[in-house]
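Inspection log for the structure reproduced underneath, given as structure tokens.
Read the figures in this text as sums done on the coordinates, not as results from a lab. Fair warning: this is a prediction, and the values are worked out from it, not measured in the lab.
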Amino acid sequence: MRDMLSTHAPAELIDHLCRQNDLTPTQAARLIEEVLAFYNESSAGFIQRRHYELQKAGLANAAIYRQISEELEHHRFRLDPLTERQIRRTIYG
């Protein structure tokens, strides 16, 4: 699979975003980079990132594993449902 981050945003897309959203070309290019980075994240990266964010929010691991499991059902990843053990293994190796 081609890495989406290696592609430069087409000038017409940048122009379109600038016209529609009161953005500068630099802001529009940055927005495109952020969206592509979000969609380029692996499932393991998503699990590890969300674990860290939810831990910082003060949730206990059992609640974190449940929430990550629920979020994975609605995220862009095409995964079979993961068990709590599989989520833990992704986080801690």
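Pairing the Cα long axis of helix 11-21 with the longest principal axis of the chain, what angle in degrees results, from 0 to 90 and rounded to the nearest 10?
80 degrees
Assuming 0.36 nm per residue, please report the length gained on full extension of the stretch ASN21 to GLU41 beyond their Cα-Cα distance.
4.6 nm
When N is the residue count of the chain, what does its C-alpha Rg come to as a fraction of 2.2 N^0.38 Å?
Here the answer is 1.38, to two decimals.
Per-residue HN-Hα couplings for segment 46-63, Karplus 6.51 cos²θ - 1.76 cosθ + 1.60 at θ = phi - 60°, whole Hz, x for Gly and Pro?
3J(HN,Hα) across segment 46-63, in whole Hz: 4, 4, 5, 5, 5, 4, 4, 4, 6, 5, 4, 7, x, 6, 7, 4, 4, 5.
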